[in-house]
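In what follows, a single structure is set out as structure tokens and then discussed.
The values are calculated or read from the model by the stated rules, or taken from the named source; none is laboratory data. Values in this document were obtained by computation on a predicted structure and should not be read as measured data. Cβ coordinates were reconstructed from backbone atoms using ideal geometry, including for glycine residues, and neighbour counts include every protein chain displayed.
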Amino acid sequence: MDGISGKNVAITGGAGDIGAAMAAELVRHEAAVTLIDVKSRADAEPWLEVASANGPVGYVSADVRDRPAIDAALAAVVPLDIAIANQASGGASRSST
């Protein structure tokens, strides 16, 4: 990943399998990563452990559906070089019958 070293990255939906895996890989390439997720820090801990396998990551609890909250979360990543929108869509669920 050329050019990622030293970049500040925010990942929404960070407290999940894909977000945590992306964070671990980006940190391995020397990016500074902040995960943003609606989960509390305590509930996000299993994914934070995965994400921080290659170094420290930041965490901000915020709901992407709450514009002021997400604006504040993104403002905490200074300067924000890369934003990855990884949050769940919240679409309709399927039921099996």
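Condition test on Ala83, is it part of a strand (DSSP E or B), among the small types (Gly, Ala, Ser) and surrounded by 11 or more Cβ atoms within 10 Å (Cβ to Cβ)?
On the way: part of a strand (DSSP E or B): yes; among the small types (Gly, Ala, Ser): yes; surrounded by 11 or more Cβ atoms within 10 Å (Cβ to Cβ): yes.
It is true that Ala83 is part of a strand (DSSP E or B), among the small types (Gly, Ala, Ser) and surrounded by 11 or more Cβ atoms within 10 Å (Cβ to Cβ).
Take Pro68 and tell me if it is modelled with pLDDT of 95 or more and part of a helix (DSSP H, G or I). Judged against the criteria, Pro68 is a match.
Comparison of Glu25, Glu30 shows that the only residue that is on the phi > 0 side of the Ramachandran plot, modelled with pLDDT of 95 or more and not hydrophobic (A, V, I, L, M, F, W, C) is Glu30. Pairing residues of segment 72-97 that are under 17 Å from Lys7 (Cβ atoms) with residues that are modelled with pLDDT of 95 or more and surrounded by fewer than 12 Cβ atoms within 10 Å (Cβ to Cβ), at Cβ distances under 9 Å and at least 6 apart in sequence or on separate chains, gives Asp81/Gly6.
Got a number for residues in segment 39-78 being among the hydroxyl-bearing types (Ser, Thr, Tyr), surrounded by 13 or more Cβ atoms within 10 Å (Cβ to Cβ) and over 11 Å from the mean Cα position of the chain (by Cα)? Steps first, answer last, please.
Of the residues in segment 39-78, the ones among the hydroxyl-bearing types (Ser, Thr, Tyr) are 40, 52, 59, 61.
From what is left, the residues that are surrounded by 13 or more Cβ atoms within 10 Å (Cβ to Cβ) are 52, 59, 61.
Now narrow it down to the ones that are over 11 Å from the mean Cα position of the chain (by Cα): 52.
Of the residues in that region, 1 qualify.
Picking from residues in segment 8-38 that are farther than 20 Å from Ile70 by Cα and assigned to a loop (DSSP other than H, G, I, E, B), the one that is nearest to the chain's Cα centre (by Cα) is Ala31.
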